[in-house]
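S.K.: Sharing a structure, written as structure tokens. Questions coming.
No value in this document is a laboratory result; all are computed from the given coordinates. Predicted model only: the values in this text are computed from it and were never measured. Methodologically, a virtual Cβ is constructed for each residue, glycine included, from the backbone with ideal geometry; neighbour enumeration extends over all protein chains shown.
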Amino acid sequence: MESCDALIVGGGPAGSTCAWALRRMGFTVVVMDKAVFPRDKLCAGWITPAVVQSLQLDTEAYAREHVLQPICAFRTGMLGGGEVETRYAETVSYGIRRIELDNYLLQRSGASLRLGAAFKSVERQGDHWVVNGAIRTPLIIGAGGHFCPVARHMGAQLGASEPAITAQEIEFEMTPAQSASCRMDGKTPELYFCQDLKGYAWCFRKNNYLNIGLGREGNHRLSDQIRHFCDTLKASGKIPQDIPNHFHGHAYLLHGHGVRVPIADGMLLIGDAAGLAYPQSGEGIRPAVESALMAAETLREAHGNYRLATLQPYVARLQARFGESRRTTGARPNSLRQTIGGLLLTNRWFTRHVVLDRWFLHHGQETLPAVL
Ligand SMILES: Cc1cc2nc3c(=O)[nH]c(=O)nc-3n(C[C@H](O)[C@H](O)[C@H](O)COP(=O)(O)OP(=O)(O)OC[C@H]3O[C@@H](n4cnc5c(N)ncnc54)[C@H](O)[C@@H]3O)c2cc1C
């Protein structure tokens, strides 16, 4: 039977970052993923500079072989309403393709990879776990995304009672004819909030790839809303008329919208498995990377004792960084708030300083350095 210091279930940004950090601390690490990489993941593929810094990503080297679209402006507004353009003097974010970034991070992590291997069973034997009857480890890290099987084992009610964000999206490479007729500027992604302010649609060009999607609380007429959004983009000549129409759907939890207990004896959850995405923007890669680094630091300090009490500092770190996880979905915007929200979203000052700088770019929140 194979043995390791830590088994990570899921090789997305959370799993690969935790593996990378633990390997550099001297742990033996196995990453198991049901997919064979490179694999795609539904995502707009927007990362903030904090992610680049925490991952110590060499942007020049990365951009030589992968899509890395600098972003220096945004066009924002309400669906069906006016638009505001906000420009920055520097690069404030990047566009990546998940099929590329996730594979890059996983390969560089230095972990032993078990790809195409789903987590199927777990059994307690003394102070150790035996997973799939084949891997023995004192510690399992759940990084399997929203439907993480480790989270399920720890008691999360996946799907059933959790108020998740539902999203539909498409990403495709444009043909030369489509590219010639596309008026989207890669440096300026477009974001449009739903009328009820419970989500937003986006259109995002990354080199020759186009990414279009809509994510919102509840799945209220999601397909209709995204079809209408695409029709508007086509009518304004921003995107080609003949885009593919096979949109795919996925769900995930925003921090504070559900309660997942992130630790148990010998087990710990990171990234979407712990439900950590930022509530205002839905950005989940940064919390995935940061929770992975906080988990690694906690495990280093645990010196091989992975009892619940020893893992508590991880919960404290999450709370200090993202706030307490309380269920806060009750508040529904009433029509007055929607009207005010609609007005504010076309106000240039509010758009720059609140929507973009505070909600989407988290200016003022310091970067979490890789603790290695
Ligand atoms: C439509 C959409 C757009 C988004 N856009 C953005 C964006 O632009 N920027 C941003 O920051 N965030 C975005 N997010 C959120 C972001 O995609 C997630 O927060 C992020 O992927 C979380 O990373 P993770 O490593 O926790 O999980 P994941 O990336 O979901 O990785 C989980 C891994 O676990 C594996 N796995 C699952 N089950 C098992 C099993 N049983 N056994 C073994 N392996 C398993 C999966 O194959 C997968 O590789 C978006 C989400 C959606 C749905």
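S.K.: When the helix-only estimate is applied to the chain (DSSP H runs of n ≥ 4, each -39,500 (n - 2.57), divided by the residue count), what is the mean residue ellipticity at 222 nm, nearest 500 deg cm²/dmol?
M.R.: -8500 deg cm²/dmol
S.K.: Next question. Any chance you could run the full-extension gain for Ser3 through Asp40? It's 0.36 nm times the residue separation minus the Cα-Cα distance, nm to one decimal.
M.R.: Gain in length upon complete extension: 10.4 nm.
S.K.: Determine one quarter of the surface area of the Cα convex hull of the chain, which equals its mean projected area, and express it in nm² to one decimal.
M.R.: For the chain, averaging the hull's shadow over all directions gives 18.0 nm².
S.K.: For the range 70-107 and the range 1-31, what is the centre-to-centre distance using only Cα atoms, to the nearest Å?
M.R.: Between the Cα centre of the range 70-107 and that of the range 1-31, the gap is 30 Å.
S.K.: Next up: If I fit a long axis through the Cα atoms of helix 285-302 and take the longest principal axis of the Cα atoms of the chain, what angle between them do I get, 0 to 90°, rounded to 10?
M.R.: Roughly 20 degrees between the two axes.
S.K.: What aspartates and glutamates does Lys198 reach when the alpha-carbon gap must be under 20 Å and sequence neighbours fewer than 8 apart in one chain are set aside?
M.R.: In chain and number order, the partners are Glu83, Glu162, Glu169, Glu190, Glu217, Asp224, Asp272, Glu283, Asp357.
S.K.: Quick one: Debye curve from the C-alpha atoms of the range 42-95, no solvent, what's log10 I(q)/I(0) at q = 0.21, 0.23, 0.29 Å⁻¹?
M.R.: Debye output, listed in q order: -0.87, -0.97, -1.20.
S.K.: What does the charge count around Gly81 come to, taking other residues whose C-beta lies under 15 Å from its C-beta (Lys +1, Arg +1, Asp -1, Glu -1)?
M.R.: Combined, the nearby Lys, Arg, Asp and Glu give -2.
S.K.: Next question. Restricting everything to alpha-carbon atoms, can you work out Rg to Rh for the range 148-273 with a Kirkwood hydrodynamic radius?
M.R.: For the range 148-273, the value is 1.08.
S.K.: Of the residues Trp349, Trp46, Trp202, which exhibits the maximal mean-square fluctuation in a Gaussian network model of the chain defined by a 10 Å Cα contact cut-off?
M.R.: Looking only at Trp349, Trp46, Trp202, the largest GNM fluctuation is found for Trp349.
S.K.: In this model, which of Lys34/Lys187; Lys187/Lys234; Lys206/Lys238 are farther than 23 Å apart at the alpha-carbon?
M.R.: Checking Cα-Cα distances, Lys34/Lys187 exceed 23 Å.
S.K.: Which residue fluctuates the most in the chain, going by a Gaussian network model with Cα springs under 10 Å, if the choices are Gly249, Gly145, Gly258?
M.R.: Gly249
S.K.: A follow-up question, please. What are the ³J(HN,Hα) values, in whole Hz, obtained from phi via the Karplus relation 6.51 cos²θ - 1.76 cosθ + 1.60 with θ = phi - 60°, for each residue of the range 131-138 in sequence order, with x given for Gly and Pro?
M.R.: Karplus values, whole Hz, x for Gly and Pro: 9, 6, x, 10, 10, 10, 7, x.
S.K.: To test your reading of the geometry: what angle, between 0 and 90 degrees and rounded to tens, separates the Cα axis of helix 308-322 from the longest principal axis of the chain?
M.R.: Around 20 degrees separate the two axes.
S.K.: In terms of the Cα gyration tensor, with a ≥ b ≥ c the square roots of its eigenvalues, is the range 99-181 rounded because a/c is under 1.5, prolate because a/b exceeds b/c, or oblate?
M.R.: Oblate is the answer for the range 99-181, as a/c is 1.5 or above yet b/c matches or exceeds a/b.
S.K.: Hey, what do the phi angles of the range 236-250 turn into as Karplus ³J(HN,Hα) couplings, whole Hz, using 6.51/-1.76/1.60 and θ = phi - 60°, x for Gly and Pro?
M.R.: Those phi angles translate into 8, x, 6, 10, x, 6, 10, 5, x, 10, 8, 6, 10, x, 7 Hz.
S.K.: Run the quick spin-label model on Ala316 and Ala180: label points 7 Å from Cα toward the beta carbon, then report their separation in nm to one decimal.
M.R.: Modelled inter-label distance: 6.4 nm.
S.K.: Across 5 Å bins from 0, what is the distribution of all Cα-Cα pair distances for the range 137-188, in whole percents?
M.R.: 4, 13, 15, 14, 9, 8, 9, 11, 10, 5, 2, 0
S.K.: On C-alpha positions alone, give me the angle between the axis of helix 13-24 and the longest principal axis of the chain, in degrees, nearest 10.
M.R.: Long axis of 13-24 versus the principal axis of the chain: about 40 degrees.
S.K.: Springs between alpha-carbon pairs under 10 angstrom, Gaussian network model over the chain: which of Asn211, Asn245, Asn347 fluctuates most?
M.R.: The residue with the greatest mean-square fluctuation here is Asn245.
S.K.: Testing the spin-label approximation: label points 7 Å from Cα along Cα→Cβ at Arg348 and Ser223. State their distance in nm.
M.R.: If labels sit at Arg348 and Ser223, their model points lie 4.2 nm apart.
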